[in-house]
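See structure below.
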Amino acid sequence: LITAATFTAKYRDASGIVREVSTRCRDEVAARSVLHDLERRAELVKANVMTAAEDSVAAHQTIELAEHLKAYSAYQTAKGLNKVRIKNTTTRLQLLISECEFRQLVALRAGPFEKWLAARAEAGMSAGNRNEYRQELVGFGNWCVRTGRLLLNPFSNVPKADARADQRRKRRAMTAAELDRLLAVAR
């Protein structure tokens, strides 16, 4: 026996495999409640009331979103993405998690994010910048679906802002005079 600060639950899952998981509870009554929930989920899967995928998703729902974000950053690093891009993604997602008050995966909803986008539009944030935040959140949601943390991406139907209607810098071709000046300076 190993003495731990919290109780450990030992149960047989739906596949018949004996599992030992930390309940993260110091109180025995609370730990027994967690054990009861784990056994109940295993019985629901055995009775075909719930699929194994739904059970897997349920296991991820109570984990803090910061832990999922760390795993997402590790995934992006393993994928070989640029460190600056990973840092920008992490910073944007942390801001969204904080301002939309997303604490766990179960709290991820399109409604708070759409309100956040509307508030940023009123504050003067460009459509392109709002679309970048949307892209980061949709990417995170897609990763959660691929890794079995969510069944559906709650942000996939959030519409993009029209970046063409809200252009901050108008792109145009150089005039002949501007091109002559550029070539003169370059010489």
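Things to note:
- Residue, surrounded by the fewest Cβ atoms within 10 Å (Cβ to Cβ), within region 145-177, restricted to residues that are closer than 18 Å to Cys100 by Cα and under 17 Å from the mean Cα position of the chain (by Cα): Asn157
- Residue selected from region 72-96 under the condition within 21 Å of Arg149 (Cβ to Cβ) and among the hydrophobic types (A, V, I, L, M, F, W, C), by the criterion surrounded by the fewest Cβ atoms within 10 Å (Cβ to Cβ): Ala78
- Meets criteria (within 26 Å of Arg103 (Cβ to Cβ), in contact with a strand residue (DSSP E or B) (Cβ under 9 Å, 6 or more places away or on another chain), surrounded by fewer than 14 Cβ atoms within 10 Å (Cβ to Cβ) and among the polar types (S, T, N, Q)) for Thr23: no
- Selected residue (criterion: modelled with the lowest pLDDT) from residues of region 144-160 that are more than 18 Å from Glu64 (Cα to Cα), in contact with a helix residue (DSSP H, G or I) (Cβ under 9 Å, 6 or more places away or on another chain) and not hydroxyl-bearing (Ser, Thr, Tyr): Leu152
- Here Leu81 passes the criteria (1) without any contact (Cβ under 8 Å) to a residue 40 or more places away in the chain; (2) in a helix (DSSP H, G or I) except the one numbered (2).
- Of all residues in region 127-144, exactly one satisfies the criterion of being under 17 Å from Ala107 (Cα atoms) and surrounded by fewer than 16 Cβ atoms within 10 Å (Cβ to Cβ), namely Asn142.
The values are calculated or read from the model by the stated rules, or taken from the named source; none is laboratory data. Everything numeric in this text was worked out from a predicted model, so none of it was measured. In this analysis, Cβ positions are derived from the backbone assuming ideal geometry, glycine residues included, and neighbour counts consider all displayed protein chains.
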